[in-house]
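Just so you know, all these numbers are worked out from the coordinates, no wet-lab data involved. Computed from a predicted model, the values in this text were never measured in an experiment. FYI the Cβ positions are ideal-geometry reconstructions off the backbone, even for glycines, and counts take in every protein chain you see.
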Amino acid sequence: MTSIADSIASTRRPESAAAAAPAAPAITLPAVGERELRLDLFRGLALWLIFLDHLPNNILAWLTIRNYGFSDATEIFIFISGYTAAFVYGRAMVNSGFVIASARILRRVWQIYVAHVFLFTIFLAEISYVATRFENPLYSEEMGIMDFLKQPDVAIVQALILRFRPVNLDVLPLYIVLMLFLPVILWLMKWRTDVTLVLSAGLYAATWYFDLYLSAYPNGVWFFNPFAWQLLFVFGAWCALGGARRMSRILSSNVTLWICIAYLAFGFCVAMIWNFPPQLGFLMPKWLERWMYPVSKTDLDVLRFAHFLALAAITVRVLPKDWAPLKSVWLRPLILCGQHSLEIFCLGVFLAFAGHFVLAEVAGGAAMHVVVSLVGILIMSAMAWVISWYKRSADKDAKKGIGNADMAGGSL
Amino acid sequence: MRTAILSLVLLAGLLAAPVARADDKRVEDKPACDVPAYLLNSESTLAKVAAAVKGGKPLNVLVVGSRSSTITSQETSAYPARLLAMLKEKLGTVPVNLSVEIQSGKTAEEVAATLVKLVEAKSPTLVIWQTGTYDAIRGIDPDDFRSAVDEGVAALQKAGVDVVLVNLQYSPRTETMTSAPPYLDNMRVVAQQHDIPLFDRFAIMHHWNDSGDFDLFSATHGVELAKRVHDCLGRALSKFVIDAAHLDQTQQN
């Protein structure tokens with residue numbers, strides 16, 4: 001029986017070490033290990049799914065997991081981000097201490113922030129274009145969304161302090177806040193890993209009990225409530241720092257397997273009934289409906305969290321870490337995308353905007369949706385390949401001592 | 001790199017241009033705007049409407065909505081007026097009255113607070129409450145939105161009227177800017193919990209756009225498209241109300 005934990009204990013292999021080194025030089029906690037390709041694979045998959053889901057009413061969105069259960073790609077993305085962040089920076093914290101590790105985390109936070117501001121600029125360009133060109137009396141009310149353009153001074157400042165976050169731009173602010181607290185999380189984990197997880201669960205419970213939230217501009221709340229979503233991130237970190245290994249007995253038990261399968265089947269039925277209310281609505285008992293709905297994404301409903309856990313548990317069981325296709329050329333695009341998640345995530349959001357623009361201005365229709373989706377995924381994969389190639393060659397140069405970016409004014 | 005991406009995207013767009021032209025042609029024809037039966041079925045019934053009509057009493061309808069329940073300076077072509085015309089046509093001898101209360105720029109919470117007074121003033125048999133758009137634009141917390149709609153519907157039911165909820169318009173051009181799903185989902189939940197019919201305007205318009213009846217992406221500056229869509233919405237809504245009240249042809253005559 002294999003689990004995530006197996007990879008941690010496995011030994012480093014020379015050819016994969018070179019590929020792993022640039023993105024994650026310290027992916028070796030607590031023992032020396034090779035890059036966990038399954039994490040890359042599923043993060044890449046999450047990025048593709050997020051892109052497909054962001055393209056409005058895309059037929060291919062029917063391929064994404066959100067239609068077949070409670071949770072969706074966001075859970076995968078946040079969990080794996082927590083896992084890999086703890087892996088990379090946890091090592092730094094052990095080796096170089098709290099200050100150095102924190103400084104490196106903050107540098108990463110800055111990168112994500114800059115990426116977010118870049119995406120906001122693209123959004124601004126799109127919305128301004130629509131505001132000046134589009135004038136359909138049918139939608140005079142919906143056009144009210146552009147009203148913030150009347151007060152750009154306020155809106156832009158609110159965007160810079162992350163209070164104004166247009167649709168589809170909510171994930172990065174969540175990621176920024178979670179990363180900002182990563183030094184504290186890792187510091188606590190260094191002290192007592194399990195206590196940190198308990199504290200995190202406590203904060204999650206408190207969020208529901210006391211209705212904690214972050215307010216947004218012009219009103220409303222953060223779509224992804226960081227007080228709730230931190231649980232997944234911390235859980236990811238906990239798994240990376242030995243939790244997964246300690247859970248491996250639970251994960252390999254057949255009882256767990258059957259509970260997970262039963263729960264996923266339940267989630268599937270509920271999702272089907274929700275997707276096809278006229279045909280299947282009668283199947284849903286009223287009391288269950290009353291108790292269950294709505295399944296909150298904002299506050300990471302416990303049904304969603306459990307659904308993700310079940311998916312993850314079955315995944316680590318079905319796909320061993322040495323699963324042969326992980327090395328195959330067919331899964332290469334997904335893995336590459338997962339390895340450069342920040343860049344590819346941003347590109348995906350941009351492509352969703354661009355794709356929607358094409359669908360709106362040039363042509364719609366199901367066939368066009370498929371074309372736009374496939375082209376988008378192709379571009380994401382190509383970009384991931386280019387970044388990977390660039391990092392590989394830049395690393396080679398660095399080893400030879402040439403092309404030092406500091407001489408040209410410093411590198412990011 | 002970016003130029004390369006853009007040109008790729010545009011190239012992909014050009015390939016499908018013929019499809020777009022075919023769509024345009026269909027839009028020029030008189031719209032069929034059929035609605036599949038499943039979008040007009042409701043398990044919930046409008047008992048008070050049924051009782052009024054069968055008892056030969058006048059049917060008073062009150063439409064409470066935001067700006068998407070009207071067309072600026074074309075109120076007589078908006079869906080409430082079209083609904084009245086269709087109801088009169090279909091119900092024959094039964095007198096039908098309809099008043100419209102547009103509260104633009106108000107959240108569901110603000111509108112909910114006015115509902116009881118409106119009912120007292122107009123004493124309707126049926127209140128059609130269109131909401132959600134302004135809340136979605138303003139990004140009101142979906143939980144707050146749900147409790148507001150929930151309280152509004154509860155107050156209306158307590159006041160002894162039938163209620164139909166009408167959800168958001170399908171607005172493809174602003175789809176990347178507002179997030180409709182949480183508001184649509186919450187309206188569905190409230191409708192289920194109170195056992196009232198929900199007129200799924202979003203799904204119906206979505207269907208029309210997909211089937212090519214209307215090109216809702218269109219950047220038209222004229223009012224024609226809006227008038228045609230509202231005419232079709234009024235037609236669909238009249239059928240929805242009559243079905244939910246189980247008033248088929250035989251009972252009316």
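Peptide B:132-139 has a mean of 5 when you count, residue by residue, the C-beta atoms of other protein chains within 10 Å of its C-beta. Determine which residues of the stretch A:68-99 fall in the zone a paramagnetic label at A:K190 would reach in this model, i.e. backbone nitrogen under 16 Å from the point 7 Å along Cα→Cβ. Residues passing the 16 Å test: A:86-99. Summarising the label geometry, the points placed 7 Å from Cα in the beta-carbon direction at B:D195 and A:R290 lie 1.1 nm from one another. The distance between label points at A:F210 and A:V386 comes to 4.8 nm (points 7 Å beyond Cα on the Cα→Cβ vector). Counting only other chain Cβ atoms within 10 Å of each residue's Cβ, the peptide A:142-151 averages 5.
Applying 1/(1 + (r/R0)^6) with r as the Cβ-Cβ distance of B:Q157 and B:S73 and R0 = 35 angstrom yields a FRET efficiency of 0.50. Among the GluC sites (Glu not before Pro) within the stretch A:126-164, those in coil by DSSP and having at most 16 neighbouring Cβ atoms inside 10 Å are A:E135.
Once you order the gyration tensor axes a ≥ b ≥ c over the Cα atoms, which shape class does the stretch B:42-252 get: rounded for a/c under 1.5, otherwise prolate or oblate by comparing a/b with b/c? Please report the intermediate quantities before stating the final value.
Values: a/c = 1.67, a/b = 1.20, b/c = 1.39.
Oblate, since a/c reaches 1.5 and b/c is not below a/b.
With 32 Å as the limit, write out which pairs from B:K90/B:K158; A:K297/B:K239; A:K297/B:K117; B:K54/B:K122; A:K297/A:K396 have Cα-Cα distances beyond it, or answer none. Exceeds cut-off: A:K297/B:K239; A:K297/B:K117; A:K297/A:K396. Both radii were evaluated on the Cα set of chain A; the Rg over Rh quotient, with Rh as the Kirkwood radius, amounts to 0.96.
Taking a ≥ b ≥ c as the square roots of the eigenvalues of the Cα gyration tensor, the stretch A:298-338 is oblate, since a/c reaches 1.5 or more and a/b is not larger than b/c.
Which whole-number percent is the relative contact order of chain A (Cα, under 8 Å, 6+ apart)?
29 percent
Distance between the 7 Å Cα→Cβ label points at A:F268 and A:L203: 3.6 nm. Note on A:L63 and A:L149: with the Förster distance fixed at 51 Å, the Cβ-Cβ geometry gives a FRET efficiency of about 0.90. Helices in chain B, meaning DSSP H runs of at least 4 residues, each add -39500 (n - 2.57). Divided by all residues, the mean residue ellipticity at 222 nm is -16000 deg cm²/dmol.
Please compute the net charge surrounding A:L49, taking Lys and Arg as +1 and Asp and Glu as -1 over other residues with Cβ under 12 Å from its Cβ.
Details: positive: A:R43, A:R66; negative: A:D53, A:D72, A:E75.
Once all neighbours under 12 Å are counted, the net charge is -1.
Packing, as the average of other Cβ atoms within 10 Å across residues, places the peptides A:162-170, A:191-199 in the order A:162-170, A:191-199, highest first. Adding -39500 (n - 2.57) for every DSSP H run of four residues or longer, then dividing by how many residues chain A holds, sets the calculated 222 nm ellipticity at -22000 deg cm²/dmol. Legend: mean number of C-beta atoms from other chains within 10 angstrom of residue C-beta atoms, peptide B:222-234, equals 2.
For A:F276 and B:E89, what is the calculated FRET efficiency with R₀ set at 30 Å and r taken between the beta-carbons, to the nearest 0.05? Mind showing how you got there, number by number?
On the way: r = 33 Å, r/R0 = 1.09.
E between A:F276 and B:E89, to the nearest 0.05, is 0.40.
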